[in-house]
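Scroll down for the structure; my scribbles are underneath it.
The values are calculated or read from the model by the stated rules, or taken from the named source; none is laboratory data. Keep in mind that what you see is a predicted model, and the values were worked out from it rather than measured. Cβ atoms come from the backbone with ideal geometry, glycine included; neighbour counts cover every protein chain shown. Only protein heavy atoms, including side chains, enter the accessible area calculation; ligands, DNA and RNA are left aside. Shrake-Rupley method; radii C 1.70, N 1.55, O 1.52, S 1.80 Å.
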Amino acid sequence: SSGTTCGAMSSPKKDESSVHKTRTGTGERTSSAARKGERLPSSTSRASAEGEGEGKKKPLTKAERRALQEAQRKAKAERQSSSAGGKPLGKQPSLDAGSRKALHSSSKQSSDGGVGGGGGRRDGRTITPTMLEADPLQKTAKGTKAKSQPVESHVKQVQLFSHLPQFERSTAPKRSLGLSSSIHPAIVRVGLQYSMGVVRGSNARCIAMLSAFKKVIQDYVMPPQKELCRDLETTIKPYINYLTQCRPLSVSMGNAIKHLKLSITRVDPGTLEQEAKDKLLGVIEQYVNEKIILADKAIAESCLGIIRDGDVILIHAHSSLLLSSLVHAHEKGIKFRVIVVDSRPMMEGRASLRVLVRKGIRCSYVLINAVSYIMKEVSKVMVGAHSLLANGYVMSRVGTALIALVAKAYNVPFLVCCETYKFCDKVQTDAFVINELGDPNDLVETGRRQGNILHDWKNMPSLGILNLVYDVTSPDLIAMVITEVGNIPCTSVPVVLRISQEVQQNYP
Amino acid sequence: LVISEIMAEDEVSEKVEGFVAYLKQKNFHSSYDVAKRTVLLMREVASKTKWSNAREMIERMKVEGKKMIAAQSSESAVANMVKRVLKVVREEHARCVGDSEDMDSLHGLLKGGASEDLDKPVSNLKGIVIEAINELLDELDGSASNIASQALDHIHSSEVIMTTGYSKTVEAFLKAAARKRKFEVIVTESAPSYQGQQLARNLGVEGIQTTLITDSAVFAIMSRVNKVIIGTHTVMADGGLKALNGAHALALAARHHSVPVLVCAAMFKLSPSYLCSYDQDTFNKIVAPHDVMSFSEGDMVSRVHVQNPVFDYVPPDLITLFISNIGGSAPSYVYRLLSELYHDADREF
């Protein structure tokens, strides 16, 4: 069915792209959307239908507005009467035919937008929140949501993690898009890529976000009577909120944004607009070049001294930095083999495996349960990190702490590779306080022939599913951290942070 | 009469063949089934085959037993039950022959213990042995409910309990406790067999507050867990476990957070064999990698070495308590239980 809906969507898209070719920014957006195929069908077309590009209010017709309000009133009454643990299917009958048309495009999006999750996504779940949130946000009409949305009862919460924002990935982008189209299309695209899981990994996400910001700066037109540094900041704020809604920001992205904001405030008010923009673009490019690309090269060089002939290296999930270091070592002629440990539900290890096998490195592959079986063969464990916290703890993909523990039990050294721009000021000792929750339906999909055991888990009130994304490894399990400033122990992280902060203060 | 004897022998051989095929094709669902069928078959051997004294019976049982054990050597329940029955036979014989209430006593030990005269004919040995085997069967049948009845001693209210895999013993244990106490259970899904998902479903249907997590989140969640309760496939002679893979990592995480690990295992899972080294090929069972990486990823599967081990060894120092049908015991006590259940002469064959 997703094939037919995509076919239906593609024709209006082509029309729009011809209409919008003349407009700057939008043209490239819709044509690239057409290229992307089914990834971004209705959200961009919806935005274009509603918004015609940047900065205008959504022109809803009177009939549509009435239909929206009616359906939303009904849904509200329904919600008040039903119990707190509302099920999505129970809500569907409340929407009448008039409102169904307005939501048709959003339901199509949900049916063919199932990249990561597959089976569990239902139209009812995605339709209702758009409806309920539409009205209050229309009133503000700016699209900026300063406060967090109330957690919908349609998502079953796990008590232990009720303090974290529950997984609402498929609803969030549409929600904020639905009424404000003051979000730059490049940001919209990047946000959707995050929420769909197309772009994953802290380096990739950071670079994607910075390229989007580069486009934002290029397209930015400074209104008269305003200062560039202040106005640009206020322009960027809603974009950052939008991205956070699509997927919580990673530490790498957070640090990059801080750096960008700092450079914006440092712009001399007297400079011309074009000069200032060029300067900012230069700053971004330099950041990416220095902190990511060159840092990766430096780390790969350090790893040459660490990986020896005959090594058996265990890696977990996917880290772009680590893979480039391993490939570099292999190309320099060091003979080693790699064991890839993978974990559900993301199965990122398969992507790692592909990269390594293509380069001709000998690989083995196991799931994380078998890690204590395989650890006896391993000579060192190397992992990438999402961020390093100021108390020396390493935040990384869930499962890393378990591997570190087993490695310690078998006396295998555990090494972490991380660029310094991922170091952050936060402190955390367990994986509960700050974490990200993924889609619980990802766990239901098992890919077995006999079918999914928990396909109806939502109907069982006593059963909950938890899909954690990150976990935190303590420094006593880690031997060394490999960064571009050298090989340091975990406890030196605050030292590096402080020095880099001083450098930033003094840097003009 | 000769003819009836021959027919009886044939019947027994047929049944043994049938059991061997059953084992080889892995038609069983739990080690309890295997254990029960082994004991029933041993009873058949005792009642229908021809023997004149205890020694001959024991020899015959050993012969049949070897066939069964060879069929599926990873199923230790078969070997355990065969050895249990042999011990039962020796005990009953000794009791009939001497005033062997003191068989294990100091008096018996001082006498040299060589009063193992198995050649002595004893009247009605068959009846006595069959009765003893029936007692063994009763113990087997009652083991799960026996363990479950101890549940209230170990689970208090508002606890968070973690478990992994799908053990029927643990399921009965938790359900028995849930009748009187309110607690929460966290189950790991145990890929690639996804047994944990089945257990989570069963518990959820019962109304027990259950949360399913991935295997990788075990360490992250462990700081909020009060107890770890797991089942096992076999209990080794040193007190360690041969459990579902992932159990070792779970036990390590529990030790790191000082969370007690309780193992619910019936006595028929106790095996007199030790683990010699971690590379022992007979210890672990490697099954098809299809569940780990399916053949649809053909271009990678051919170039990558994929492994899918079934078992994990958990050393005894990571375990806090064994809960079995004869009560709770520490791992350091397991060797004593062994000497009660198995006879030295039957240890290795």
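Note on segment A:418-432: among residues that are closer than 16 Å to A:Q501 by Cβ and touching a His at 6+ places or on another chain (Cβ under 9 Å), the one that is farthest from the other protein chains (Cβ to nearest Cβ) is A:Y421.
Pairing each residue of segment B:48-67 that is assigned to a helix (DSSP H, G or I) with any residue that is crowded, with 21+ Cβ neighbours inside 10 Å and of a type in the set (F, W, Y), provided the two are 6+ apart or on different chains, yields no C-beta distance under 8 Å.
Filtering A:L321, A:L356, A:L304, A:L294 for residues that are buried (at least 18 other Cβ atoms within 10 Å of the Cβ) and over 21 Å from the mean Cα position of the chain (by Cα) leaves a single hit, A:L356. Looking only at segment B:203-232, residues that are over 14 Å from B:I161 (Cβ atoms), at the interface with chain A (Cβ under 7 Å from one of its Cβ atoms) and either assigned to a helix (DSSP H, G or I) or open to solvent by 10 Å² or more (accessible area, probe 1.4 Å) (or both) come to 9 in all. All conditions in (1) within 11 Å of chain B (Cβ to nearest Cβ); (2) farther than 27 Å from A:N435 by Cα; (3) in a strand (DSSP E or B) hold for A:I313, with the sole exception of (1).
The number of residues in segment B:253-266 that are within 12 Å of chain A (Cβ to nearest Cβ) and either β-branched (V, I, T) or open to solvent by 10 Å² or more (accessible area, probe 1.4 Å) (or both) comes to 3. The residues of segment B:237-252 that are touching a strand residue (DSSP E or B) at 6+ places or on another chain (Cβ under 8 Å), open to solvent by 10 Å² or more (accessible area, probe 1.4 Å) and closer than 27 Å to B:S339 by Cβ amount to a single one, B:K242.
Are any residues in segment A:373-385 among the β-branched types (V, I, T) and open to solvent by 10 Å² or more (accessible area, probe 1.4 Å), and if so, which ones? Walk me through it before giving the result.
First, pick out the residues of segment A:373-385 that are among the β-branched types (V, I, T): A:374, A:378, A:381, A:383.
Listed by number, the list holds a single entry, A:V378.
The requirement of being in contact with an Asp or Glu (Cβ under 8 Å, 6 or more places away or on another chain), within 13 Å of another protein chain (Cβ to nearest Cβ), over 25 Å from A:S302 (Cα atoms) and in contact (Cβ under 8 Å) with a residue 40 or more places away in the chain is satisfied by A:N435. Filtering segment A:475-508 to residues that are in contact with a Cys (Cβ under 6 Å, 6 or more places away or on another chain) and either part of a loop (DSSP other than H, G, I, E, B) or over 14 Å from A:I306 (Cβ atoms) (or both) leaves A:P475, A:I478. Only residues that are of a type in the set (G, A, S) and open to solvent by 20 Å² or more (accessible area, probe 1.4 Å) were counted across segment B:156-165, and they come to 2. Considering only residues of segment B:233-243 that are in contact with a helix residue (DSSP H, G or I) (Cβ under 7 Å, 6 or more places away or on another chain) and not in a loop (DSSP other than H, G, I, E, B), which is nearest to the other protein chains (Cβ to nearest Cβ)? Within segment B:233-243, the match that is nearest to the other protein chains (Cβ to nearest Cβ) is B:L241. Each residue in segment B:79-99 was checked for being touching a helix residue (DSSP H, G or I) at 6+ places or on another chain (Cβ under 7 Å), of a type in the set (A, V, I, L, M) and farther than 17 Å from B:N134 by Cα, and 2 of them qualify.
Every residue, every condition in (1) touching a His at 6+ places or on another chain (Cβ under 8 Å); (2) part of a loop (DSSP other than H, G, I, E, B); (3) surrounded by fewer than 12 Cβ atoms within 10 Å (Cβ to Cβ), yes or no:
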position: B:N284; (1), (2), (3): no, yes, no
position: B:H290; (1), (2), (3): no, no, no
position: B:S296; (1), (2), (3): no, no, yes
position: B:H305; (1), (2), (3): no, no, no
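Which condition number in (1) over 30 Å from A:S343 (Cβ atoms); (2) β-branched (V, I, T); (3) open to solvent by 20 Å² or more (accessible area, probe 1.4 Å) is the one that A:I264 fails? Here A:I264 meets the rest and fails (3).
Per the listing A:C206, A:C229, the residue uniquely more than 30 Å from A:D442 (Cβ to Cβ) and not in a loop (DSSP other than H, G, I, E, B) is A:C229. Of all the residues in segment A:442-499, those that are open to solvent by less than 30 Å² (accessible area, probe 1.4 Å), more than 10 Å from every other protein chain (Cβ to nearest Cβ) and either of a type in the set (A, V, I, L, M, F, W, C) or in contact with a Ser or Thr (Cβ under 9 Å, 6 or more places away or on another chain) (or both) number 10. Filtering segment B:135-155 to residues that are surrounded by fewer than 18 Cβ atoms within 10 Å (Cβ to Cβ) and closer than 30 Å to B:K50 by Cβ leaves B:E135, B:L137, B:D138, B:E139, B:D141.
When segment B:117-134 is filtered for residues that are in contact (Cβ under 8 Å) with a residue 24 or more places away in the chain and either open to solvent by less than 40 Å² (accessible area, probe 1.4 Å) or outside any loop (DSSP other than H, G, I, E, B) (or both), the ones remaining, listed by number, are B:L118, B:V122, B:L125, B:K126, B:I128, B:V129, B:I130, B:A132, B:I133, B:N134.
Confirm whether B:A247 is touching a residue at least 60 places away in the same chain (Cβ under 8 Å) and under 21 Å from A:A407 (Cα atoms). Yes, satisfied. Within segment A:386-414, if we keep just the residues that are more than 14 Å from chain B (Cβ to nearest Cβ) and open to solvent by 10 Å² or more (accessible area, probe 1.4 Å), the residue that is nearest to A:L367 (Cα to Cα) turns out to be A:P413.
Residues in segment A:185-219 that are free of Cβ contacts under 8 Å to residues at least 60 places away in the same chain, open to solvent by less than 20 Å² (accessible area, probe 1.4 Å) and under 26 Å from A:L272 (Cα atoms): A:I187, A:M209, A:A212, A:V216.
Could you list all residues from segment B:21-47 that are of a type in the set (K, R) and part of a loop (DSSP other than H, G, I, E, B)?
So the first thing to find is which residues in segment B:21-47 are of a type in the set (K, R), and the list is B:24, B:26, B:36-37, B:43.
Within segment B:21-47, just B:K26 meets the criteria.
Within segment B:166-202, restricting attention to residues that are within 10 Å of chain A (Cβ to nearest Cβ) and among the acidic types (D, E), the residue that is surrounded by the most Cβ atoms within 10 Å (Cβ to Cβ) is B:E189. Of the listed requirements (1) open to solvent by 70 Å² or more (accessible area, probe 1.4 Å); (2) under 29 Å from A:P224 (Cα atoms); (3) touching a residue at least 40 places away in the same chain (Cβ under 8 Å); (4) of a type in the set (A, V, I, L, M), A:L272 misses just one: (3).
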